[in-house]
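Worksheet for the structure shown next.
Only the coordinates and a few stated rules stand behind these numbers; no lab work does. This is a predicted model, so every value here is computed, not measured. As a convention, Cβ positions derive from the backbone with ideal geometry for all residues, glycine included, and neighbour counts pool all protein chains shown.
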């Protein structure tokens, strides 16, 4: 089973963080111990889906990167009750949402090796079956490092020409970094599109398997990141599709 | 998409750096560094005042592979004087200048089992010092470096260092002056050799070049690059520039193997199993032919003049990575996987 999985998109707005939260939750619903780390230091956000706000975040990834705490000390048990019932667990390592701390990372940087140690340390200390990395869109140091330590990479894209071009760059770099397993998730596909045709087009273009083609779902948009969709609406067809993707990733 | 060669180089460099940062070897080095930083034995060299002021906490640990990957933890960019680690390199330069037969007629290849600064073990019958790694042999080797004048010889020396480390190097003037004014023992050795007809008349010229070569400033990363260059058949694996004629690499490495660690050479060859050279500045370099170079810097020395942490680091790296040259029982370490 994959231990470290990066979920990435070349451009913002693809629904990457939302999908990361949902895929992680689905994996945890299978009774697994799952970690989610927000390496999107410049524009963090995945904590919102787990109901955390600024007041709840005492220590964040930033503190670890600056050597002010251990990586486990920045991990929060956010296991939702349906996951507890199934014997799984979800830990979240958020990035700081405080403007001053984001500014400090941008100005001062940090020891990138420490991030790598932290990722490996989390898997070990929290005895994780799987660690999902919610990366910063585009390519930066954290993203490249995350990819290079990952056992699998899922790239999220919309059926859009800008996304298509950017995904080609990501795929090329991931190949150069020799990521063992790569897959694409096409998200926010308008109802008018033929999902089968989209899948075929994308697989042919990149030579990378497509793990799922997900529709642009009004119900997901309405939830507006106020919760994890697959937990709120487990019987929704979209939740079934995301569960299938989670099963592919952690298989 | 990469279109020009510069862009391709940039992409390749980015990928290489990322892989190095994410490598389990870097994590291994970090843990090793943490473990050995706690070792408090030994003391910095005190025979010249400039070396005695080194910070005993400085500790840099570097590895450069023959395919050009570079890993480092701790004080890898802290400059220090190369001291005796310059000896095999200058020996290589002498070989390139005069050829193997002539150099062999002037400096032997026999280990002495004596300390680095041993005075009188000069082989009067053969009119040559025992080997180029003890001070007598190194001074005789320095006397073989040709140039129109002392400046020209120094320029040749610095150009050689530049090829090995891939950047311009400097001589630490205060250490050079300190060595020159307090190096009575070396001066005595040189004059003894002159007396025996082992070196040419320009004793002061040879001594100056010797003190200059010892005072070249390097970092532990530089040492790893030098060691990797020797491990890579004489070609710097990062700049791809040749630093030593391929035919003389074996001379340099075999001398490092038998004589590089002074009176610790035998035990070193047995336990670590790699050609290496130490310096009283606190540096040690070790070459694993075809694989990698190790560079360590930590000023506290043991009684034999070898860096305490440096020796422990090389022992651990050789053991953990399966680098001993004569150990056929080990599979390639997964830590060295790309």
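Overview of results
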| item | result |
| --- | --- |
| Cα-based equivalent ellipsoid of segment A:70-167: semi-axis lengths in Å, sorted from largest, via gyration tensor | 25, 21, 15 |
| Bins of 5 Å from zero: percent of alpha-carbon pairs in segment A:1-142 | 2, 10, 22, 24, 22, 13, 5, 1, 0 |
| Over the protein assembly as shown: Kirkwood hydrodynamic radius from C-alpha pairwise inverse distances, Å | 26.7 |
| Cα-based convex hull volume of segment B:84-214 per residue, rounded to whole Å³ | 100 |
| Kirkwood-based Rg to Rh ratio, segment A:4-250, C-alpha trace | 0.94 |
| Label-point gap, in nm, between residue A:42 and residue A:161 - each point 7 angstrom along Cα→Cβ | 2.5 |
| Percentage relative contact order, chain A, counting C-alpha pairs under 8 Å, at least six apart | 29 |
| Percent of Cα pairs exceeding the 14 Å cut-off, where the set is segment B:149-190 | 62 |
| Convex hull (Cα only) mean projected area of chain B, reported in nm² to one decimal | 17.1 |
| Cα-based Rg and Dmax for segment A:54-115, where Dmax is the largest Cα-Cα distance (Å) | 13.8, 44 |
| Fluctuation leader among A:34, A:208, A:221 - chain A, Gaussian network, Cα springs under 10 angstrom | A:221 |
| Ranked A:16, A:188, criterion: other C-beta atoms within 10 Å, fewest first | A:188, A:16 |
| For residues of A:117-123, the mean tally of beta carbons on other chains within 10 Å | 1 |
| Relative contact order for chain B, counting Cα pairs under 8 Å that sit 6 or more residues apart, in percent | 24 |
| Cα-only radius of gyration and Dmax that characterise segment B:203-318, units Å | 13.9, 41 |
| Rg over Rh [alpha-carbon atoms, Kirkwood Rh] for segment B:225-293 | 0.98 |
| Most mobile listed residue (B:306, B:55, B:131) in chain B, GNM with C-alpha springs under 10 Å | B:55 |
| Whole-Å semi-axes of segment B:1-109's equivalent ellipsoid (Cα gyration tensor) | 33, 28, 13 |
| Ordering of B:148-157, B:86-95 by burial proxy (mean other Cβ atoms within 10 Å per residue, highest first) | B:86-95, B:148-157 |
| Rounded tilt (10° steps) of B:220-231 against the dominant C-alpha axis of chain B | 80 |
| Diffusion constant of segment A:1-70 at 4 °C, which comes from Stokes-Einstein with the Kirkwood Cα-pair radius and 1.567 mPa s, µm²/s | 95 |
| Using a Förster distance of 45 Å, the FRET efficiency for residue B:250-residue A:244 (Cβ separation, nearest 0.05) | 0.15 |
| Distance (nanometres) between label positions extended 7 Å along Cα→Cβ at residue A:169 and residue A:104 | 3.0 |
| Convex hull of segment A:99-234 built on C-alpha atoms - directionally averaged projected area, nm² | 10.6 |
| Averaged over A:173-180, number of beta-carbon atoms from partner chains that fall within 10 Å | 3 |
| Spatial extent of segment B:145-254: Rg and Dmax, with the Cα atoms as the point set, Å | 15.5, 44 |
| Theoretical FRET efficiency, 1/(1+(r/R0)^6), r = Cβ-Cβ of residue A:66 and residue B:104, R0 45 Å, to 0.05 | 0.20 |
| The protein assembly as shown: calculated mean residue ellipticity at 222 nm from DSSP helix runs of at least 4, using -39500 (n - 2.57) | -13500 deg cm²/dmol |
| C-alpha long axis of helix B:24-37 to longest principal axis of chain B, angle in ° | 50 |
| Order of B:318, B:298, B:333 - criterion: other Cβ atoms within 10 Å of each residue's Cβ, fewest first | B:333, B:318, B:298 |
| Mean Cβ count within 10 Å, highest first, over the residues of peptides B:177-185, A:71-79, B:281-289 | B:281-289, A:71-79, B:177-185 |
| Most mobile listed residue (B:83, B:212, B:247) in chain B, GNM with C-alpha springs under 10 Å | B:247 |
| Residue-averaged beta-carbon neighbours from other chains (10 angstrom radius) around B:12-25 | 5 |
